[in-house]
1. Specify the residue with the greatest mean-square fluctuation among A:18, A:71, A:61, computed from a Gaussian network of chain A linking alpha-carbon atoms under 10 Å apart.
2. Roughly how big is segment A:1-52's charge dipole about its Cα centre, with Cβ charges of +1 (Lys, Arg) and -1 (Asp, Glu), in debye to the nearest 20?
3. Do you know the relative contact order of chain B, to the nearest whole percent, from alpha carbon pairs under 8 angstrom that are 6+ apart?
4. Specify the inter-centroid distance of segment A:107-169 and segment B:102-160, based on alpha-carbon positions, in whole Å.
5. One decimal, nm, shortest first: give the distances between the label point of residue B:122 and those of the same position in the other copies, each label point 7 Å from Cα along Cα→Cβ.
6. Helix B:128-139 versus the longest principal axis of chain B: what angle, 0 to 90°, nearest 10, using Cα atoms?
7. Going 7 Å from Cα along the Cα-Cβ axis for the label, what nanometre distances separate residue A:46 from the same residue across the other copies?
8. Net charge near residue B:183: determine it from the other residues with C-beta under 12 Å of the C-beta of residue B:183, scoring Lys and Arg +1 and Asp and Glu -1.
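Bear in mind these aren't lab numbers, they're just calculated from the coordinates by the rules spelled out. Everything numeric in this text was worked out from a predicted model, so none of it was measured. We place every Cβ from the backbone using ideal geometry, glycine too, and count neighbours over all the protein chains shown.
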Protein chains: 2
Amino acid sequence: MPKLKDEQKLAAIQTATLRLVIRTGFSGLKIADVAREAGIGTGTMYVYYSDKEQLIEDVYLTTKKEIAAVLFDPAHLSDTFQETFKRMWLAYFGFCLQQPEKMLFVEQFLYSGLISEDLIAETEAMFIPLDNLLIQAQEQGLIKKVSVEIAKAFIQGAIHEVVKVITKKEYRLIQGELEKCFEMAWGSIKI
Amino acid sequence: MPKLKDEQKLAAIQTATLRLVIRTGFSGLKIADVAREAGIGTGTMYVYYSDKEQLIEDVYLTTKKEIAAVLFDPAHLSDTFQETFKRMWLAYFGFCLQQPEKMLFVEQFLYSGLISEDLIAETEAMFIPLDNLLIQAQEQGLIKKVSVEIAKAFIQGAIHEVVKVITKKEYRLIQGELEKCFEMAWGSIKI
DNA sequence: TTGGTTGTCGAATAAATATTCGCCTACCTT
DNA sequence: AAGGTAGGCGAATATTTATTCGACAACCAA
């Protein structure tokens with residue numbers, strides 16, 4: 001944890017890390033490159049992070065928190081489950097579309113084999129409210145009864161892959177296509 | 001391309017590469033480790049592959065071919081689109097479940113930023129028959145009309161993420177849960 | 001203004017890893 | 001069996017990259 005250095009510099013480091021990890025993979029992430037991209041000296045990196053591992057873990061945690069905030073925005077709450085689900089789905093899809101580096105970073109790191117069990121547990125705990133929402137909907141007979149882990153994975157996996165294709169191929173969603181994508185997601189879980 | 005050395009040794013190298021990439025990420029893949037895991041000397045690695053990049057690209061290509069073979073097994077063809085789709089979906093899901101290393105390897109490499117455009121194009125071309133199948137179904141009004149790229153991404157993304165969760169958490173699909181997963185997939189694309 | 005304190009820099013060093021290469025072994029061929 | 005050849009080995013070397021550290025700059029307090 002940085003003691004309280006220059007917040008702006010910290011943000012620059014995180015942004016640079018995100019960008020570089022996506023461009024070159026974790027393998028390609030060189031501390032010197034991050035420093036150059038962030039506009040600071042190599043040695044300065046070690047003032048903020050004691051090593052590369054800590055840097056990556058911190059970026060991961062920060063990004064996960066941001067995602068949780070997007071998902072659990074109180075404005076998404078509605079009277080019906082379907083409407084709440086739709087607002088959350090659209091918010092998350094929009095987040096991924098606008099900041100695919102963050103989505104990719106989180107995904108790549110989670111399955112890279114480099115992440116610690118503790119960090120996994122810590123970040124998963126942030127999403128328990130989502131589990132509860134889904135379980136409630138299942139009990140009300142609104143959505144299919146599968147393990148919530150599986151339901152979440154299905155929805156999230158579909159969003160991620162669609163966004164990846166859109167990003168990689170610079171595809172532009174045409175009129176009404178976003179709505180169709182949501183219908184696919186809803187069609188998959190509704191009874 | 002290996003000229004025609006010991007085929008068995010080649011397979012051992014590929015298996016070892018797959019396993020190690022999943023365990024440690026591309027960053028963690030050390031030629032010396034691959035050699036040890038494959039039961040050969042470090043230097044021998046260079047008889048088969050001139051460098052690490054070539055090794056990874058070859059494993060990727062080999063795996064993609066295997067996936068295409070699973071998907072396009074003639075036994076999957078049926079009179080109805082839904083049945084053909086179901087057989088292909090089940091075959092691919094089963095493949096991923098039984099050999100998650102291959103699924104993960106392919107996915108990680110594709111979005112690692114390390115893959116060349118040529119290799120992407122070469123492997124994508126293998127899956128054109130799938131595009132045609134989907135387009136035909138769209139024209140017959142059987143499935144939603146979205147870009148086939150998006151439809152494929154949606155279905156594949158969902159499968160991958162579900163398999164990842166199952167694998168990582170050592171979750172076991174309970175009675176009828178596989179069928180439910182298929183229903184989710186079908187529910188997402190059907191009109 | 002000056003002495004001190006904090007933050008920064010990047011060349012120098014240490015560590016990790018890829019790659020080479022001379023030697024060795026096993027197996028042919030006559 | 002003797003000589004020859006192909007394939008294999010892994011310690012030695014080259015390269016890449018992380019990390020340290022002594023010198024410098026900016027700022028501040030007295």
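1. A:61
2. Dipole size: approximately 60 debye.
3. 19 percent
4. 21 Å
5. Between copies, matching label points for residue B:122 lie 4.2 nm apart.
6. 10 degrees
7. Relative to the other copies, residue A:46 has label-point distances of 3.2 nm.
8. Overall, the nearby charge balance is +4.
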